[in-house]
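The values are calculated or read from the model by the stated rules, or taken from the named source; none is laboratory data. Every value quoted in this text rests on a predicted model; they were computed, and no experiment measured them. Please note: Cβ atoms are built from the backbone with ideal geometry, for glycine as well, and neighbour counts cover all protein chains shown. What goes into the accessible areas is simple: the full protein's heavy atoms, side chains included, and nothing from ligands, DNA or RNA. Shrake-Rupley method; radii C 1.70, N 1.55, O 1.52, S 1.80 Å.
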Amino acid sequence: MKKCIVISTPGAQFSALAMKEDLKESIKKVADLGFDAVELAVRDPRMIDVDEIKSLLQQYHLTVPAIGTGQAYGEEGLSFTDPDPGIRRKAVQRIKDQMNLAMDIEGSQVIIGLIRGTVKSGMDKDNAEKYFIKSIVECLEYKPGVTLTLEPINRYETNLYNDTRSAMEVIDKIDRSNLKMLADTFHMNIEERDIIESILHAKGYISHVHFADSNRWAPGCGHIDFSEILDALEEIGYQGAVSAEILPKPTPEECLKLTMAYYQKLGL
Ligand code: LER
Ligand code: MN
């Protein structure tokens, strides 16, 4: 499994990102520490210099297993379930742009996290789900060669698809081969009855993994048992990356070192 960490690109500001400084500096720092991949948090592909990023990735031998998209929700309020059709249209267009970026950065998948939206008060849940399905299907059909990975996110951030069970249900309903699921240990620790059972049950669904401890610090800094989780991922044949999506604590420098030291302890 590839040792990966989330880094921010211009225009994306998100608290659970260890790296928010100059992109070149971030890429150099994580490569020097021994990471083999970076997950890019991209608010809008039009805000980044793709050629520059590609040449940095090549220079430092880093791959990009996934592109995070939640900042379009965080900063601009775009979502697949907004009651306003204009906002939904913009969210769909943004994900299509991210899919084009993923084609450009070969091998990347596009994360459907907070951009799926929430069921706003006064809105009917079935209606929100219909909007979600219509929006995501349009994206899935736009580029069948690019995988979208739906992330169950805990109840304090959204009220739609909080756990693996509900995400897998909608994935089955949509039934497209380029729709998979992202397992984030921070959210799973809040929402799953048993993280290990849920991973084993999700065989064939998981295409990307976020590692953060119970407090969203680097893995190893809280009370989640990551070696059990790695065993379960191995058991289901998961061969993707584990991507640290963590708070810059105790300091931005320290959290990177703690992550790498812990990945090595796990034998990654
Ligand atoms: C995004 O990957 C995530 O985990 C969410 O918590 C974003 O707020
Ligand atoms: Mn996550």
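Over the chain, DSSP H runs of length four or greater, each weighted -39,500 (n - 2.57), average out per residue to a 222 nm ellipticity of -13000 deg cm²/dmol. If we count every other residue with Cβ under 12 angstrom of LYS143's Cβ, Lys/Arg +1 and Asp/Glu -1, where does the sum land? Summing Lys and Arg as +1 and Asp and Glu as -1 gives -2.
Residues LYS130, LYS125, LYS29 ordered from highest to lowest accessible area at a 1.4 Å probe: LYS130, LYS125, LYS29. As a calculated quantity, the FRET efficiency between HIS223 and TYR156 at R0 = 25 Å, using C-beta atoms, amounts to about 0.85.
In percent, rounded to a whole number, the relative contact order of the chain is 19, using alpha-carbon pairs under 8 Å and six or more apart. Among the listed pairs LYS125/LYS173; LYS24/LYS180; LYS180/LYS257; LYS90/LYS180; LYS180/LYS203; LYS3/LYS257, those whose Cα-Cα separation exceeds 19 Å are LYS24/LYS180; LYS180/LYS257; LYS90/LYS180. In this structure the chain gives 44 Å² per residue of accessible area when probed at 1.4 Å with all protein chains present.
Helix screen, the chain: DSSP H segments with Cα axial length of 27 Å or more and mean Kyte-Doolittle hydropathy at least -1.0 are 85-104. Antiparallel beta bridges, as assigned by DSSP with both residues in the chain, represent about 0 percent of the total such bridges.
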